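A short worksheet on the structure shown next.
The values are calculated or read from the model by the stated rules, or taken from the named source; none is laboratory data. Note that the coordinates shown come from a computational prediction; the quantities given were computed from them, not determined experimentally. Here the Cβ positions follow ideal geometry from the backbone for every residue, glycine too, while neighbour counts run over all protein chains shown. Just so you know, the surface numbers come from the protein's heavy atoms only, side chains and all, with ligands and any DNA or RNA stripped out. Shrake-Rupley method; radii C 1.70, N 1.55, O 1.52, S 1.80 Å.
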Amino acid sequence: MRKSWVSKTNDYADLFKFLRPGNADIDFPQPVIEQLSRWSILNDVPFQYYVPREDMLPRETVRFFHVDHNWLLSLLDGACSIGRTTHIDYTHDMEIIGQVYLEALAQNVNVRRKLQRKPELVSSAGDAFPVCTGFLLRSELVRGWRGLEFKAYDSCTDTTPAHELRAIRIETLSESVLLVIYRGLIKRVEIAQPPEGLHYGFAAGYTKSLRYLSSGEIIYKETQGVKEAVTVPITVKSHRVIDWRQSAHSIAGALSQAAPEEPTPKEDAALIALQMIQNAYTGVIKHSGQDNP
């Protein structure tokens, strides 16, 4: 029997010198890079991998998490291990696959931008391991308010400037579960209704924040260093029917006291139309600890 042309004690590393960085430019197929990028933001990953048990994500809850890059590398390596059957296959991958993983992780910021038809961001392998955090939201909000807007910031205090984090994935996994992933460490999340139109409304307890007649901005007062909106009660008849005449009278009187520099308000439909405007609601979730991880 003839001897093998490659020694059994050879680790085959010398066979792939041309693949090493600096020796040649490896033109790895871009569709493969793009698919790995999608997997690096947990696309196609079964939901049971996110939430092994249902009681870990009860109804009407939000759960925050950190993305483990070691877990992502294991995920990508598992996907790329198809066809890797011999030691020489493994040696080949050791020379090239690491750089492929870095490129895929760096480009995952563009997965969502492509879907939105936005210009792609320039990324390099040096951007492969940024801190990534996110949250899972299980709520009727997901089902009932499809146009909700989500923004995350890296600070939750007034003393530290806050920078908006870049979302790399916002997707509904079911009718009531939403997955959101950002680049950066989440310290504050704002969930806002879409400002698609104007409507009337008031706060719980039938109170309304007053607005300046000249600018339409909310009137605030400061009490012991705390800034609060000036409110006025709304008169309600039986069966949840508002007494507009009495409410207009109350609003006009409170407005004259809160903003005496403003023109004297008239108790008419224009006053009601301005004062009863309700902005889209915004819910804020803040990090409960210090402003450091």
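Work out the FRET efficiency for Thr235 and Ser174 from their Cβ-Cβ distance, taking R0 = 45 Å, and round it to the nearest 0.05.
Details: r = 43 Å, r/R0 = 0.96.
It comes to 0.55.
Under the rule of at least 5 residues apart or a separate chain, name every residue whose amide H is placed under 5 Å from the amide H of Thr235.
Asp243, Ser247
Would you mind getting the accessible area per residue of region 77-185, heavy atoms of the protein chains only, 1.4 Å probe, in Å²?
Roughly 53 Å² per residue, with all protein chains present.
According to a simple spin-label model (label point 7 Å from Cα along Cα-to-Cβ), what is the distance in nm between Ser215 and Ser81?
Those two pseudo-labels are separated by 6.2 nm.
Could you give the distance between the Cα centres of region 205-247 and region 46-113, to the whole Å?
Value for the Cα centre distance between the two parts: 51 Å.
Report the gain in length on full extension from Ile277 to Thr207: 0.36 nm times residue separation, minus Cα-Cα distance, nm rounded to one decimal.
23.9 nm
Could you sort Lys114, Lys286 by their accessible area in this structure, using a 1.4 Å probe and putting the largest first?
Reading off the accessible areas and sorting them downward yields Lys286, Lys114.
Mark the label point 7 Å from the Cα of Thr264 along Cα→Cβ and return the residues of region 202-221 whose backbone N is within less than 17 Å of it.
213, by backbone N distance to the label point.
Extending each Cα 7 Å along its Cβ direction at Gln30 and Phe47, get the distance between those two points in nm, one decimal.
Distance between the two pseudo-spin positions: 3.5 nm.
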